[in-house]
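Okay, so here's the structure we're looking at.
The values are calculated or read from the model by the stated rules, or taken from the named source; none is laboratory data. Fair warning: this is a prediction, and the values are worked out from it, not measured in the lab. Neighbour counts run over all protein chains shown; Cβ positions are idealised from the backbone, glycine included. Heads up: the accessible areas ignore ligands, DNA and RNA and are worked out on the full protein's heavy atoms, side chains in. Shrake-Rupley method; radii C 1.70, N 1.55, O 1.52, S 1.80 Å.
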Amino acid sequence: MKPTYHPVISATGLYTPAESISNAELVESFNAFVVRHNSANSAAIEAGEMEALQPSSVEFIEKASGIKARYVMSKDSVLDPSTMEPRMAERGDDEMSIMAEIGIKAAEQALERAGRDAADVDAVLCAASNMQRPYPAMAIEIQQGLGIEGFAFDMNVACSSATFGIQTAADYVRAGNAKSVLVVSPEITSGHLNWRDRDSHFIFGDVATAVLVEDSSIAPRPHWDIVGTKLKTVFSNNIRNNFGFLNRAAPETKDAPDKLFVQEGRKVFKEVVPMVSALILEEAERLQIDPLKLRRLWLHQANAGMNRLIAQRVLGHEANDDESPTVLDTYGNTSSAGSIIAFHLNSDDLDAGDEGLICSFGAGYSVGTVFVKRHA
Ligand code: CO8
């Protein structure tokens, strides 16, 4: 008889950078940059040839997004008004790269929590918004750092990278091609955020997460059954970054705003909320899960208002913190890692049989749902 396999989440891991930036610190630095910029360009501004930059505000940031702070890998250079970007010393080819380093830290925690020896893992997926180089794959460096045999590759679906990674890992398990797969999401978003852009300078933070997806036959107890996964993409220019290897040498590339993260935040908000809620409800129906009975939602952490609306449409009432926990206030938007951090920090208290949903959404557009059930 053909064997059947059941993918589960055995454990998760989290790496949080040591340094955090509060909204007050961020706004002070941004506003110092605005004063410098406006005074350096005062003649052009007075002549009407250039618009004066406007200051940012802590109140706006908190009200519009729910973000109060974010962790970063390189605080001083991000806050210095003369740099306003992370400055991390380039490492030699014989040293471990920074994305691999933080990814490994998150992965080691997941392995430890699962009681799994790295040598027993079959594959590593590095699923993140940006890779620090095209090749060799970050995933293969992580694989080597952990001492894993088998195979590894990178995948990028922006904020949905981790959930797309979980489905990919689950599919390997279902097909019998792997029994233990690590999905690692090192998100150094500070490197592609435009810290000089008032509309978005407050959004992102750095972190790394790891999810160990395994066949139930080898999984530790308790674990999380993966009841069903669903992915969807619809092309949109509303979240975009044009930086790439084809324009790296162009003189206008440096400091060009379109070579960093840009978005039409309002349009994203309006278009993504219905798309995500509809996908969740359709998938719940297909899986014969009553959405009103979902014990907890671990949603992508981009905007508190967006999560409030999505949770309300799914659960049928305004969700409290227990039903839809937020990590946005302390971590900011950590791209694909957000829903995984929320799950990692807020899932141990659930009981056997409780059902919940990990859900991501973001650039592409891309949406990923992972319905899970606590297994004793
Ligand atoms: N301080 C004070 N005032 C401000 C500021 C500021 N910093 N910024 C804007 N304002 C002003 C504006 O000028 C505007 O003024 P007016 O009304 O006079 O024109 C007013 O505030 C309102 O501005 P907005 O319309 O922009 O404000 P919103 O209420 O729409 O809030 C948000 C802005 C928070 C960006 C909101 O639209 C939002 O969160 N939208 C959803 C965004 C989202 O989910 N994006 C997903 C992106 S993540 C992703 O997919 C991963 C991508 C890859 C990772 C990249 C890593 C860097």
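Does Leu260 qualify as being open to solvent by 20 Å² or more (accessible area, probe 1.4 Å), touching a residue at least 60 places away in the same chain (Cβ under 8 Å) and within 16 Å of the ligand (Cβ to nearest atom)? Yes, satisfied.
Once segment 210-241 is narrowed to residues that are within 15 Å of the ligand (Cβ to nearest atom) and in a loop (DSSP other than H, G, I, E, B), the residue that is nearest to Asn156 (Cα to Cα) is Asn241. In the set Met138, Met88, only one residue is more than 16 Å from the chain's Cα centre (by Cα) and closer than 30 Å to Val27 by Cα; that residue is Met88.
State which residue is nearest to the ligand (Cβ to nearest atom) when the search covers only segment 349-365 and only residues that are part of a strand (DSSP E or B) and closer than 17 Å to Val227 by Cβ. Ranking the candidates gives Ser360 first. Applying the criterion of being in contact with a Leu (Cβ under 9 Å, 6 or more places away or on another chain) and part of a strand (DSSP E or B) to the residues of segment 1-47, the residue that is farthest from Cys126 (Cα to Cα) is Ile21. Within segment 34-46, the set of residues being surrounded by 15 or more Cβ atoms within 10 Å (Cβ to Cβ) and either among the polar types (S, T, N, Q) or under 16 Å from Val58 (Cβ atoms) (or both) comprises Val34, Asn38, Asn41. On inspection, Thr330 passes the criterion of being more than 10 Å from the ligand (Cβ to nearest atom) and on the phi < 0 side of the Ramachandran plot. Checked against (1) in a helix (DSSP H, G or I); (2) touching a Cys at 6+ places or on another chain (Cβ under 9 Å); (3) within 24 Å of Thr168 (Cα to Cα), Ile340 passes all but a single condition, namely (2).
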